[in-house]
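Engineer: For reference, the structure I am asking about is given below.
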């Protein structure tokens, strides 16, 4: 009987210890998520109280997905297209470049720590400060225009700044995103390289394989699980880009650098339509979730196919 009482006391003590965290999760986490989902089906105009919200059904989703609000629909699909471009750049440029840099850093014998510190600097620097620095670089009187003028390439100078021209605004933002995203991916791949058996490279050297062959046939196949993580993280990051765009361009010029999260912010806090903003947020959540599942399935199928071969 006493044993049962002791077990019961231990269980109660355990429940009491986790109770604060559980309550915080239910009140702040789960309730907020569910409330956001419910709110996406209601009309809630600027300055209106929650209890004055009107049920809208799927109208909020139709406004930006199906063209019920023509201007908003155009901005949403343009913003989503920009998110897709960022996602493609992250997967097709950032991941391969990070892998190659990780391999190079792995093979550096002298000064390796110095190079690693340099490459990881963007991670330990305030992201807001970094974006302001890049904004200064791309200004009409910024260092990039000054450099082009100094080397005799005045025709490439962006008169309104690289963030102020329709043709150069998005590429300039992409450069900033690439520069800031490489260090995190580099750490993932560099850590994964520590698990690769050096004997595999020695055997490849005996067979006459060059560095490119070793990268394709030894390094990358072993790092496939890490690549899956990197792809999912980069897709998620690309679809949730906000601070870079908001600080540097606020979606301009003329919506050329608009992304969905900036549009959501404008709808919620500038136009005051919380229902429509939450509907956009849940649409992006579902898109991110589906893309993550597809990435997992594709890499799993490729891995199983490789094992079968």
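Engineer: Among 59, 207, which comes first, second and so on when ranked by fewest other beta-carbon atoms within 10 Å? Don't skip to the end; give the middle numbers.
Structural biologist: Numbers: 59 17, 207 9.
The most exposed by this proxy come first: 207, 59.
Engineer: Dividing the alpha-carbon Rg of region 31-114 by 2.2 N^0.38 Å yields what?
Structural biologist: Values: Rg = 22.7 Å, N = 84, 2.2 N^0.38 = 11.8 Å.
It is 1.92.
Engineer: Oh, and also: Give the peptides 10-21, 162-173 in descending order of average Cβ contacts within 10 Å, highest first. List each step's numbers first, then the result.
Structural biologist: Values: 10-21: 9.7, 162-173: 19.0.
Most protected by this proxy first, the peptides run 162-173, 10-21.
Engineer: So, one more: Take every Cα pair under 8 Å in the chain that's 6+ residues apart, average their separations, divide by the length, and report that relative contact order as a whole percent.
Structural biologist: Values: 307 pairs, mean separation 82.6, N = 309.
So the answer I get is 27 percent.
Engineer: To continue, here is another question. Given that compact globular proteins tend to follow 2.2 N^0.38 Å, what is the ratio of the alpha-carbon Rg of region 53-192 to that value? Walk me through the intermediate numbers first.
Structural biologist: Values: Rg = 20.2 Å, N = 140, 2.2 N^0.38 = 14.4 Å.
For region 53-192, the normalised Cα radius of gyration is 1.41.
Engineer: By the gyration tensor of its Cα atoms, with a ≥ b ≥ c the square roots of the eigenvalues, what is the shape of region 155-309: rounded for a/c under 1.5, prolate for a/b over b/c, or oblate?
Structural biologist: Details: a/c = 3.47, a/b = 1.77, b/c = 1.96.
In terms of gyration-tensor shape, oblate.
Engineer: Then there is this: Arrange 256, 154 by Cβ neighbour counts within 10 Å, fewest through most, would you?
Structural biologist: Values: 256 19, 154 10.
Neighbour counts put them in this order, fewest first: 154, 256.
Engineer: At 25 °C and 0.890 mPa s, what whole-number value in µm²/s does Stokes-Einstein give for the translational diffusion of the chain, with Rh from the Kirkwood sum over Cα pairs?
Structural biologist: Numbers: Rh = 23.3 Å.
D, rounded to a whole number, is 105 µm²/s.
The numbers here are math on the coordinates, done by the rules we state, and not lab data. This one's a predicted model, so the numbers in the text were calculated from it and none came from an experiment. So basically every Cβ, Gly included, is an ideal-geometry build from the backbone, and we count neighbours across all protein chains shown.
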